[in-house]
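**Q** Sending over a structure as structure tokens; questions will come in a sec.
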Amino acid sequence: MLGPMELDDRQLASPLGRTSPLVKLGLAIAWLVGLAFSQAVGPPLALAAVAIGAALVFGAVEPTRLLRAIAPLVGAAIGIVVFNALFSASNTDPASPLAFAVGPWRVTEPALLAALGLGARVIAIVAVGAAFALTTDPTRLVDSLVQQARLSARFAYGALAAYQAVPRLGDDLAILRSARRIRGLRGSWGPRTLVGLLVRAIRGADQLAVAMDARGFGSDQRSQYREVRWHPLDFIVTGVGLVVLVAALVFIR
């Protein structure tokens, strides 16, 4: 997910697509902070299920796209569970109740529960992050941060430009390699290729700086082309999100 996510019209018109990005960002942070106060397996899995369901139903995200986004990191979460269950320090405590044994490995119940809790929190982070990224337009997110959170326009839009420049670095690298092959040189990585990539990045940054100055970034008198306003839907999503968080932490174990 290094490159910008492109949302189609159906996703932009969905309830989550129309919700203020600042609201979704605040709820995502609140959910992840709330998970820090729970060691149980149930709350993070419940929040992950709600995030995935909300992205599919209220965000109009395609299931295959969501699956491609979360599958690699879910695999990493499973690896974290296995590693922490097998190599936990509590496995060496003979007084700890045994959960199961794998060959010479002894896995105790405290080690298994701690590993499952850690893996569940990783899955929750992945699910919440994917739901946020797949239902939020990056440009509208920056507009919301500038207009609703009063973040510096120069900093916010500069960060957006840097984020959107990541795919262009790959294109520049492909162009440089092709140019070297045309000249009969090797197109693999090398100091000259890296220097050329750095030069193109500096030129792009210089052009971007001039364009931002020409558009009045950093000036208090600058008007807004896309206005982001608060709507009743924002307050509904905020209330529902907080209720879901409290319910998951209080009633699910």
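Since every read-out is calculated from the coordinates, none of them should be taken as a lab result. The model shown is predicted, which means the values in this text are computed figures rather than measured ones. Here the Cβ is made from the backbone with ideal geometry for all residues, glycine too, and neighbour counts use every protein chain on show.
**Q** Can you compute the modelled spin-label distance between Gln224 and Leu194, with each label point 7 Å from Cα toward Cβ, in nm?
**A** Between Gln224 and Leu194, the label points sit 4.3 nm apart.
**Q** Hey, another quick one. Assign unit charges at the C-beta atoms only (+1 for Lys and Arg, -1 for Asp and Glu), then state the dipole size of the chain relative to its Cα centre in Debye, rounded to the nearest 20.
**A** Working: 24 positive and 15 negative charges, 188 e Å.
Value, rounded to 20: 900 debye.
**Q** May I ask you to compute the full-extension gain from Gln39 to Ile202, defined as 0.36 nm times their residue separation minus their alpha-carbon distance, rounded to one decimal in nm?
**A** Details: separation 163, 0.36 × 163 = 58.68 nm, distance 4.65 nm.
My answer for the length gained is 54.0 nm.
**Q** Would you kindly compute the Cα radius of gyration of the range 75-188 and its largest Cα-Cα separation (Dmax), both in Å?
**A** Using the Cα atoms of the range 75-188, the pair Rg, Dmax is 24.2, 70 Å.
**Q** Which value in Å does the Kirkwood hydrodynamic radius of the range 108-253 take, with 1/r averaged over all unlike C-alpha pairs and then inverted?
**A** Working: mean 1/r = 0.0498 Å⁻¹.
One over the average 1/r among Cα pairs gives 20.1 Å for the range 108-253.
**Q** When the convex hull of the C-alpha atoms of the chain is computed, what volume per residue in Å³ does it have? Spell out each step's value before the answer.
**A** Numbers: hull volume 49.7 nm³, N = 253.
Looking at the chain, the number lands at 196 Å³ per residue.
**Q** Then there's this: What net charge is computed for the residues neighbouring Thr135, neighbours being all others with C-beta under 15 Å from the C-beta of Thr135, Lys and Arg scored +1, Asp and Glu -1?
**A** Values: positive: Arg10, Arg18, Lys24, Arg65, Arg140; negative: Glu6, Asp8, Asp9, Glu62, Asp137, Asp234.
Cβ neighbours under 15 Å give a net charge of -1.
**Q** At a 10 angstrom cut-off on C-beta neighbours, averaged per residue, how do the peptides 43-54, 242-253 rank from highest to lowest?
**A** Values: 43-54: 22.5, 242-253: 14.6.
Packing proxy ranking, top to bottom: 43-54, 242-253.
**Q** I've got another one for you. Based on a Kirkwood Rh over C-alpha pairs, give the Stokes-Einstein translational diffusion coefficient of the range 151-214 at 10 °C and viscosity 1.306 mPa s in µm²/s. If you can, show how the numbers build up before the last one.
**A** Details: Rh = 13.1 Å.
In µm²/s, the coefficient rounds to 121.
**Q** Further question: For the range 60-76, just list the computed ³J(HN,Hα) in residue order, Karplus coefficients 6.51, -1.76 and 1.60, θ = phi - 60°, integers in Hz, with x standing in for Gly and Pro.
**A** 6, 7, 5, x, 5, 5, 5, 5, 5, 6, 9, 4, x, 6, 5, x, 5
**Q** Among Ile175, Phe155, Met212, flag the residue with its Cα farthest along the positive direction of the charge dipole of the range 151-214, charges on Cβ as +1 for Lys/Arg and -1 for Asp/Glu.
**A** Ile175
**Q** So, counting K/R as plus one and D/E as minus one, what does the shell of residues with Cβ under 14 Å around Arg177 add up to? Please list the in-between numbers first.
**A** Working: positive: Arg180, Arg181, Arg183, Arg186, Arg192, Arg200; negative: Asp171, Asp172.
Spelling it out: positives minus negatives among the neighbours equals +4.
**Q** Based on Cβ point charges of +1 for Lys and Arg and -1 for Asp and Glu, what charge dipole magnitude is obtained for the range 151-214 about its Cα centre, in debye rounded to the nearest 20? Kindly include the intermediate steps, with their values, before the conclusion.
**A** Working: 10 positive and 4 negative charges, 98 e Å.
About 480 debye.
**Q** I'd like the distance separating the alpha-carbon centroids of the range 92-165 and the range 193-215, in whole Å.
**A** 32
**Q** Full extension from Ile252 to Asp93: what is 0.36 nm times the residue separation minus their Cα-Cα distance, to one decimal in nm? Walk me through the intermediate numbers first.
**A** Values: separation 159, 0.36 × 159 = 57.24 nm, distance 2.93 nm.
The Ile252-Asp93 span can extend by a further 54.3 nm.
**Q** Within 10 Å, count the other beta carbons around each residue, average over each peptide in 11-19, 76-84, 204-212, and list them highest first.
**A** On the way: 11-19: 18.2, 76-84: 15.4, 204-212: 12.9.
Order by mean packing, descending: 11-19, 76-84, 204-212.
**Q** Shifting gears a bit: If I stretch the segment between Ala209 and Ala13 completely, what's the gain in nm (0.36 nm per residue apart, minus their alpha carbon distance), one decimal? Spell out each step's value before the answer.
**A** Working: separation 196, 0.36 × 196 = 70.56 nm, distance 3.27 nm.
Using 0.36 nm per residue and subtracting the Cα-Cα distance, I get 67.3 nm.
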